[in-house]
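Engineer: Take this structure, written in structure tokens, and hold onto it; I'll ask about it next.
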């Protein structure tokens, strides 16, 4: 089954959550869900609707805090394996787009 978003919707995966390590090596504990954890997060675009003109699959997008849905797990029944978690982001809250993996992600644990 292929998932196709409607209109200008954007489906993403790999939200950068969890513990973080700064460039200088300081380890920051997971602070999501607390006021201190409010910050934009990077995602990878997996699919777009036919009216989406700002991003394409494979790009990285920076999304305003909390402007994404809970993840839906995608499972490949044929191979009986987990594929990834898919989320929908609010396309109006995409702050930035990158064709390359953002350097900031090198210091984060990225979930799938």
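Throughout, read-outs are computed from the coordinates displayed, never taken from laboratory work. Note that the structure is a prediction, hence the values are computed from the model and not measured. Note: ideal-geometry Cβ built from the backbone for every residue, glycine included; neighbour counts use all protein chains shown.
Engineer: Could you work out how far apart the two model spin labels at residue 56 and residue 7 are, taking each label as a point 7 Å from the Cα in the direction of the beta carbon, and quote it in nm?
Structural biologist: With each label point 7 Å from Cα toward Cβ, the separation is 2.4 nm.
Engineer: At what distance in nm do the modelled label points of residue 99 and residue 39 sit from each other, each positioned 7 Å from its Cα along Cα→Cβ?
Structural biologist: With each label placed 7 Å out from Cα toward Cβ, I get 2.8 nm.
Engineer: Just rank 73, 64, fewest to most, by other beta-carbon atoms within 10 angstrom. Write out the running numbers ahead of the final one.
Structural biologist: Numbers: 73 10, 64 16.
So the ranking, lowest neighbour count to highest, is 73, 64.
Engineer: Which order results if 97, 10 are arranged by neighbouring Cβ count within 10 Å, fewest first?
Structural biologist: Details: 97 13, 10 26.
So the residues, fewest neighbours to most, are 97, 10.
Engineer: If you don't mind, another one. What is the order of 14, 24, fewest Cβ neighbours within 10 Å to most?
Structural biologist: 24, 14
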